[in-house]
Structure formats: structure tokens, C-alpha cells
Ligand code: GRF
């Protein structure tokens, strides 16, 4: 099965680009039809456009409620026949009702070895706790934050002298490998 992806971003979009590169392989079981950003200034929008990918900007600040914001997302998605929503640095939390409309059809990448370090500042917290390993996780999105079934993980060592930034850089290299692998696993699970 070839999955039609909508990738949701809020910023740089480096994971989006790594998925886009994977989609260039004709054997990869997905293609990217759409990139959605809630931030008009997200750098990843330019990256997507310069690679010929359609983009939709839906600024959450223009909507009074999360429900209204999500209604607009749903309306725009209707035009693209999307199979899988891929959250890649998307910094908004969906309502339960939106998540329940897409069961096992929304996935997210999180920069920790879930279930450890849900939420933000994952690298700082792991270093402060004296952990010897960090990593990243791709998981299905369920209403409870960062808690859905895990699809795949990669581990990286935490080295003496690491700062949150040096650790984030090391984890990001693995994120770019992990996300395409996880999308392949999702496609295979639906085949
Ligand atoms: C990644 O570290 C991801 O794990 C986190 O936000 C960052 C997004 O980076 N959720 P990018 O926009 O994909 O470059």
C-alpha cells in the first residue's frame, strides 16, 4: 500500500525533508501530497515548496477555539485524499475529537525514549537525570499526550559534557533515519 502523507510542521522541517527524500525512492511505500504549517513563518514551508510539494498554512492564532482551527484543517485535508497525518515538529495539541477521527492515522516523532520524558525539554531532563542514553520515538497519536503505541525507536548515547543542544543534534541524525523507517512499518501494517 502506498500511503498518501500530509506532514504537519511548525518550524525548520528537517524531518519533513528526510521523509520527502525517502519518498523519492519508487520502492518507498508513501508519497507526500501536502505539508501543513500552523506558522506562516515556518522555514519548512519554503523547503516543501521548493521541492514541489503543496502547502497549506493555517495560523492557529486566527481561530478563537481549537475546534475552529481543526475544522479548518479538516476542510483543507479533504482536497488531498490523505491516508496518514505525520506530525514532524508540529507544536499544537489536537483535541480528542480530532484524534478520534483519524484512528491509527496520525503519527508523531518525539525526541526521547518514550515512555520516558513525555512533554518538552526532553534532552535537558535526560542529562540532568544522569541518563547514559537518549533517543527518539515514533508513535501513534492518541488523545493522551506522547502516550500512543510505539512504532519504532532509536537510541543514542549521552556523552560526558553533552548539553541539550549537542544531544539534540545527535538525536536529530537518528530522527531522520527513524521517521522513514516508521512510515514503512505503518504502510506494511496496513498492507
Ligand atoms: C524534532 O526534534 C522533533 O523530534 C521535535 O521537534 C523537532 C522538529 O525538527 N518534535 P524539524 O522541524 O523536523 O527540523
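Every number in this text was worked out from the coordinates using simple rules, so none of it is lab data. Predicted, not measured: the structure shown is a model, and the values here were computed from it. All Cβ positions, even for glycine, are placed from backbone atoms using ideal geometry, and neighbour counts span all protein chains on display.
Within the chain, DSSP assigns beta bridges of which about 40% are antiparallel (rounded to the nearest 5).
Mind pulling the angle between the C-alpha long axis of helix 66-77 and the longest principal axis of the chain? Nearest 10 degrees, somewhere in 0 to 90. Once rounded, the angle reads 70 degrees.
Based on Cα contacts under 8 Å between residues 6+ apart, the range 107-162 shows a relative contact order of 38 percent.
Taking a ≥ b ≥ c as the square roots of the eigenvalues of the Cα gyration tensor of the range 1-117, is the shape rounded (a/c under 1.5), prolate (a/b larger than b/c) or oblate? It comes out rounded by the Cα gyration axes. Protection proxy ranking, highest mean first, for peptides 14-22, 153-161: 14-22, 153-161, where packing is the per-residue count of other beta-carbon atoms within 10 Å, averaged.
Over the chain, dividing the summed -39,500 (n - 2.57) contributions of all DSSP H runs of at least 4 residues by the number of residues returns a 222 nm mean residue ellipticity of -11500 deg cm²/dmol. Its alpha carbons give the range 2-58 an Rg and a Dmax of 10.6, 33 Å.
By the gyration tensor of its Cα atoms, with a ≥ b ≥ c the square roots of the eigenvalues, what is the shape of the range 119-184: rounded for a/c under 1.5, prolate for a/b over b/c, or oblate? Because a/c hits 1.5 or more and a/b fails to exceed b/c, the range 119-184 counts as oblate. Residues of the range 57-98 with amide nitrogen under 20 Å from the 7 Å Cα-to-Cβ point of residue 144? Taking a point 7 Å out along Cα→Cβ of residue 144, the residues of the range 57-98 whose backbone N falls under 20 Å are 93-98.
From Cα pairs below 8 angstrom and at least 6 apart in sequence, can you work out the relative contact order of the chain, rounded to a whole percent? About 21 percent, as a whole number. If the chain linking residue 125 and residue 163 were pulled fully straight, counting 0.36 nm for each residue of separation and taking away their Cα-Cα distance, it would gain 12.6 nm. In the range 15-127, Cα pairs under 8 Å separated by at least six residues give a relative contact order of 18 percent. Ellipsoid semi-axes for the range 58-125, based on the Cα gyration tensor and the rule √(5λ), read 25, 15, 10 Å when sorted largest first. Put the Cα centre of the range 90-124 next to the Cα centre of the range 7-85 and the gap is 16 Å.
Going by the alpha-carbon gyration tensor, a ≥ b ≥ c the square roots of its eigenvalues, is the range 34-191 rounded (a/c under 1.5) or, if a/c is not under 1.5, prolate (a/b greater than b/c) versus oblate? Cα axes put the range 34-191 in the prolate bin. Packing order of peptides 56-68, 105-117, highest average first: 105-117, 56-68 (average count of other Cβ atoms within 10 Å over each peptide's residues).
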